[in-house]
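What follows is a short report on a single structure.
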Amino acid sequence: MRRSCVFAAAWLLALPAMAHKPDQSNVPVCRCWNEGAEVSCQAGRAMAGTWGHVRIEVRAYDGTLVHTTKADASGKARFRRPEGEFYLLVGDKPGEAVEVDWRDVDAAPSRAALASTAP
């Protein structure tokens with residue numbers, strides 16, 4: 001009897017932890033690619049679509065702010081590629097930023113990015 005009471009108590013304590021799963025659809029993502037002298041980016045949520053009107057900061061490796069822009073309603077942004085090494089901070093809430101390094105900017109857009117720009 002005592003063993004089953006201990007098991008039942010442990011089960012009741014663990015139940016809320018097992019019931020709560022992180023919301024994977026709300027994970028921010030950002031994909032960027034080169035377009036000549038410019039960089040284009042598509043910001044979105046992992047499974048929930050676009051991340052419109054999000055702030056995008058272009059920063060030098062020493063932390064200096066080079067440029068700031070905002071994505072449009074569909075999560076797209078375009079800006080002139082800075083000289084040298086840089087990274088992007090995409091996000092407008094603390095703890096919700098995505099960092100994109102200049103090495104992660106693709107040479108060409110992905111098929112998914114091309115499909116999302118089709119009329």
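Coordinate-derived values only; no laboratory data. Keep in mind it's a predicted model, so treat the numbers as computed, not measured. So basically every Cβ, Gly included, is an ideal-geometry build from the backbone, and we count neighbours across all protein chains shown.
Here are a few things to note about the model shown:
- Sorting K76, K70, K93 by the number of Cβ atoms found within 10 Å of their own Cβ, with the fewest placed first, yields K93, K70, K76.
- Three-way shape call for region 24-117 based on the alpha-carbon gyration tensor, with the a/c threshold at 1.5: oblate
- Exposure proxy ranking, count of Cβ atoms within 10 Å, fewest first, for L65, L89: L65, L89
- Loop-resident chymotrypsin sites (Phe, Trp or Tyr not before Pro) (DSSP state other than H, G, I, E or B) in region 37-112 with no more than 12 further Cβ atoms inside 10 Å of their Cβ: Y61.
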